[in-house]
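The structure appears right after this line, and notes come after that.
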Ligand SMILES: Nc1ncnc2c1ncn2[C@@H]1O[C@H](COP(=O)(O)OP(=O)(O)O)[C@@H](O)[C@H]1O
Ligand SMILES: [Mg+2]
């Protein structure tokens with residue numbers, strides 16, 4: 001069977017290779033405020049795939065996952081140039097229609113809700129926390145996977161109804177354990193993982209971890225050496241691009257402004273630095289992993 005193109009996300013191209021196998025290809029596209037920008041960020045797709053591979057291989061004992069191979073000789077030709085490094089062969093799963101968001105720090109929409117109500121998605125938190133503070137313990141704040149538009153926060157009860165209680169409970173346990181282990185690991189390398197989003201799917205009647213894992217696109221990464229609660233934190237993630245876009249007065253509806261070359265370069269550096277800090281390896285290591 002020749003690979004069949006079955007989907008195009010904001011960032012990924014998805015191919016079915018055979019009945020049980022998908023090829024996920026991370027492009028260099030970047031989206032902000034759910035709008036795909038006009039310029040690509042060179043190497044971004046490889047950083048996302050390299051980081052996902054790092055976490056899938058280092059945390060496979062916590063939870064089963066969809067990884068089959070990233071090795072160049074295993075990849076089918078799908079007509080995309082420069083495929084090794086940005087492509088991952090995966091077990092095809094039936095995705096649970098829930099995003100498993102884990103938050104260890106108070107930021108973004110969580111901080112805004114806490115300021116107003118003292119809660120984050122139904123979790124009552126101690127009084128007196130400030131922006132970017134670490135939470136007493138990580139919390140799970142599920143959201144729907146919107147086919148179009150923005151994801152919506154839902155309660156854990158709603159999420160359990162949608163996914164099925166047993167599946168929800170299994171995925172929740174995995175999500176919290178994965179976050180806790182990854183956050184400890186990253187902290188030792190000078191990176192705070194403030195929050196992240198996991199996806200799970202069903203494979204052979206088993207809940208498995210799918211999609212990208214703990215990347216700057218699915219998480220907030222903060223440099224530990226600059227961490228100072230009480231305000232928003234500088235980050236390795238898309239915040240830099242978002243801030244630049246906001247400085248142009250863009251209203252977040254298409255078309256987005258063109259990114260100047262220096263903003264593209266600075267964004268690329270942030271992605272590559274995230275890979276190097278989190279894995280502890282130089283960037284060149286990733287291409288040696290996939291061609292080995
Ligand atoms: N192992 C898998 N089996 C089935 N679907 C998967 C698997 N891994 C990831 N996916 C799906 O592939 C898509 C990834 O493409 P992406 O560009 O990230 O999409 P989005 O714009 O929805 O974030 C997601 O919809 C995700 O649920
Ligand atoms: Mg995605």
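Of note:
- All positions within the range 194-216 that are within 12 Å of ligand 1 (Cβ to nearest atom), assigned to a loop (DSSP other than H, G, I, E, B) and touching a strand residue (DSSP E or B) at 6+ places or on another chain (Cβ under 6 Å): 211
- Residue in the range 234-253 that is in contact with a helix residue (DSSP H, G or I) (Cβ under 7 Å, 6 or more places away or on another chain) and not in a helix (DSSP H, G or I) present: yes
- Restricting the first member to the range 246-269 and to residues that are at positive phi and surrounded by 12 or more Cβ atoms within 10 Å (Cβ to Cβ), and the second to residues that are part of a loop (DSSP other than H, G, I, E, B) and modelled with pLDDT under 95, the beta-carbon pairs closer than 9 Å and six or more apart or on different chains are 252/33; 252/34.
- Residue count for the range 217-227 satisfying the condition of being more than 16 Å from ligand 1 (Cβ to nearest atom) and either without any contact (Cβ under 8 Å) to a residue 24 or more places away in the chain or not in a loop (DSSP other than H, G, I, E, B) (or both): 7.
- Residue check, residue 235 away from ligand 1 (no atom under 16 Å from the Cβ) and either under 29 Å from residue 131 (Cα atoms) or surrounded by fewer than 18 Cβ atoms within 10 Å (Cβ to Cβ) (or both): yes
- In the range 164-191, the residues that are buried (at least 22 other Cβ atoms within 10 Å of the Cβ) and not in a helix (DSSP H, G or I): 191
- Taking the range 79-98 as the range and being within 30 Å of residue 159 (Cβ to Cβ) and assigned to a strand (DSSP E or B) as the test, the residues that pass are 88, 89, 90, 91, 94, 95, 98.
- Note on the range 43-62: among residues that are on the phi < 0 side of the Ramachandran plot and outside any helix (DSSP H, G or I), the one that is nearest to the chain's Cα centre (by Cα) is 59.
- The range 2-28: number of residues that are within 15 Å of ligand 2 (Cβ to nearest atom) and surrounded by 19 or more Cβ atoms within 10 Å (Cβ to Cβ): 9
- In the range 104-155, the residue that is modelled with the lowest pLDDT out of those that are assigned to a loop (DSSP other than H, G, I, E, B), surrounded by 12 or more Cβ atoms within 10 Å (Cβ to Cβ) and out of contact with any strand residue (DSSP E or B) (no Cβ under 7 Å at 6 or more places or on another chain) is 146.
- Residue check for residue 231: more than 18 Å from the chain's Cα centre (by Cα), under 20 Å from residue 190 (Cα atoms) and part of a loop (DSSP other than H, G, I, E, B): yes
- Close pairs from the range 183-203: first under 15 Å from residue 216 (Cβ atoms) and in contact (Cβ under 8 Å) with a residue 24 or more places away in the chain, partner part of a strand (DSSP E or B) and within 11 Å of ligand 1 (Cβ to nearest atom), Cβ under 6 Å, at least 6 apart: 197/99
- Residues of the range 10-33 satisfying the condition of being more than 16 Å from residue 90 (Cα to Cα) and either touching a strand residue (DSSP E or B) at 6+ places or on another chain (Cβ under 9 Å) or near ligand 1 (Cβ under 9 Å from one of its atoms) (or both): 10, 11, 27, 29, 30, 31
The values are calculated or read from the model by the stated rules, or taken from the named source; none is laboratory data. Computed from a predicted structure; not experimentally measured. Positions of Cβ are generated from backbone atoms using ideal geometry, with glycine treated the same way; all protein chains shown enter the neighbour counts.
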